[in-house]
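Here's the structure we're looking at; comments come further down.
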Amino acid sequence: MSALLPGGRLVVISFHSLEDRIVKQFMARHAHPAQPPRGLPIRSADLPRGDARVLPRVKPADAEVSANPRARSAVMRVLEKCAPGATT
């Protein structure tokens, strides 16, 4: 993530569900950092914020699958790095 500038995007296309799971977990880890335990006296402004946001996944259209049957399992995921201090 340090290689991306604010506004930069990481785009990954996976063709297998296990690959997709790894990508999905990586993106979720950067978009939603670990939260402290509930009940601690911490203001919401002091809670850790993600430095990125995950855009909706993209799957091939029916026309693409009919033209290229091997594309049916492809999933494209996009992670966009946010500017420092921006809310996600």
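The values are calculated or read from the model by the stated rules, or taken from the named source; none is laboratory data. Note that this is a predicted model, so its numbers are computed, not measured. No Cβ is skipped: glycine too gets one built from the backbone with ideal geometry, and neighbour counts run over all protein chains shown. Just the protein is used for accessible areas: all its heavy atoms, side chains included, with ligands, DNA and RNA removed. Shrake-Rupley method; radii C 1.70, N 1.55, O 1.52, S 1.80 Å.
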Take region 1-15 and flag every residue that is open to solvent by 80 Å² or more (accessible area, probe 1.4 Å) and either aromatic (Phe, Trp, Tyr) or touching a helix residue (DSSP H, G or I) at 6+ places or on another chain (Cβ under 7 Å) (or both).
-> Phe15
Across region 58-87, the tally of residues that are open to solvent by less than 60 Å² (accessible area, probe 1.4 Å), outside any strand (DSSP E or B), touching a residue at least 12 places away in the same chain (Cβ under 8 Å) and closer than 15 Å to Phe15 by Cα stands at 3
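Rundown of residues vs (1) part of a helix (DSSP H, G or I); (2) of a type in the set (Val, Ile, Thr); (3) exposed (fewer than 13 other Cβ atoms within 10 Å of the Cβ), yes/no style:
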site: Leu18; (1), (2), (3): yes, no, yes
site: Val23; (1), (2), (3): yes, yes, no
site: Met27; (1), (2), (3): yes, no, no
site: Pro36; (1), (2), (3): no, no, yes
site: Gly39; (1), (2), (3): no, no, yes
site: Arg49; (1), (2), (3): no, no, no
site: Arg53; (1), (2), (3): no, no, no
site: Pro56; (1), (2), (3): no, no, yes
Give the residues of region 2-16 that are assigned to a loop (DSSP other than H, G, I, E, B) and either out of contact with any Ser or Thr (no Cβ under 8 Å at 6 or more places or on another chain) or charged (D, E, K, R) (or both), sorted by residue number.
-> Ser2, Ala3, Leu4, Leu5, Pro6, Gly7, Gly8
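Residue-by-condition table, conditions (1) polar (S, T, N, Q); (2) in contact with a Lys or Arg (Cβ under 9 Å, 6 or more places away or on another chain):
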position	(1), (2)
Ser14	yes, yes
Arg21	no, no
Pro36	no, no
Pro48	no, no
Leu55	no, yes
Pro69	no, no
Val78	no, yes
When (1) within 11 Å of Arg77 (Cβ to Cβ); (2) without any contact (Cβ under 8 Å) to a residue 60 or more places away in the chain are applied to Val12, the one that fails is (2)
Looking only at region 7-66, count how many residues are under 12 Å from the mean Cα position of the chain (by Cα), of a type in the set (Asp, Glu) and under 22 Å from Ala83 (Cα atoms).
-> 1
